[in-house]
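What follows is a short report on a single structure.
The values are calculated or read from the model by the stated rules, or taken from the named source; none is laboratory data. The structure presented is a predicted model; accordingly, all values stated were derived computationally and were not measured. Here the Cβ positions follow ideal geometry from the backbone for every residue, glycine too, while neighbour counts run over all protein chains shown.
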């Protein structure tokens with residue numbers, strides 16, 4: 001019971017980045033912008049680095065991953081999103 005109250009107060013004090021991260025994942029997922037929005041700089045640099053290493057031939061892969069993650073972000077509720085991606089920092093999918 002106490003844990004549930006703590007979770008509610010944490011999610012009420014944090015602003016959800018769900019919509020912004022979801023839209024960035026769908027529109028600019030190829031560059032990993034949605035990762036930077038969430039503060040996952042290492043993962044965002046992986047997206048950019050992968051594109052440079054493959055001479056932008058791997059953009060289909062990063063765009064697909066970004067699109068899927070954007071849909072996942074938008075399909076979650078604000079509480080689930082904050083708990084999963086902002087509090088517990090789940091980096092991939």
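Observations, loosely collected:
- Within segment 12-22, one or more residues are surrounded by 14 or more Cβ atoms within 10 Å (Cβ to Cβ), over 16 Å from residue 89 (Cβ atoms) and modelled with pLDDT of 95 or more.
- Number of positions in segment 60-78 that are surrounded by 15 or more Cβ atoms within 10 Å (Cβ to Cβ) and more than 19 Å from residue 23 (Cβ to Cβ): 0
- Scanning segment 28-42 for residues that are surrounded by fewer than 16 Cβ atoms within 10 Å (Cβ to Cβ) and either farther than 19 Å from residue 16 by Cβ or in contact (Cβ under 8 Å) with a residue 60 or more places away in the chain (or both) gives 41, 42.
- The criterion of being touching a helix residue (DSSP H, G or I) at 6+ places or on another chain (Cβ under 6 Å) and part of a helix (DSSP H, G or I) holds for residue 20.
- Selection within segment 71-93 - more than 20 Å from residue 14 (Cα to Cα) and either in contact with a strand residue (DSSP E or B) (Cβ under 7 Å, 6 or more places away or on another chain) or part of a helix (DSSP H, G or I) (or both): 71
- Residue in segment 70-77 that is within 13 Å of residue 93 (Cβ to Cβ) and more than 11 Å from the chain's Cα centre (by Cα) present: yes
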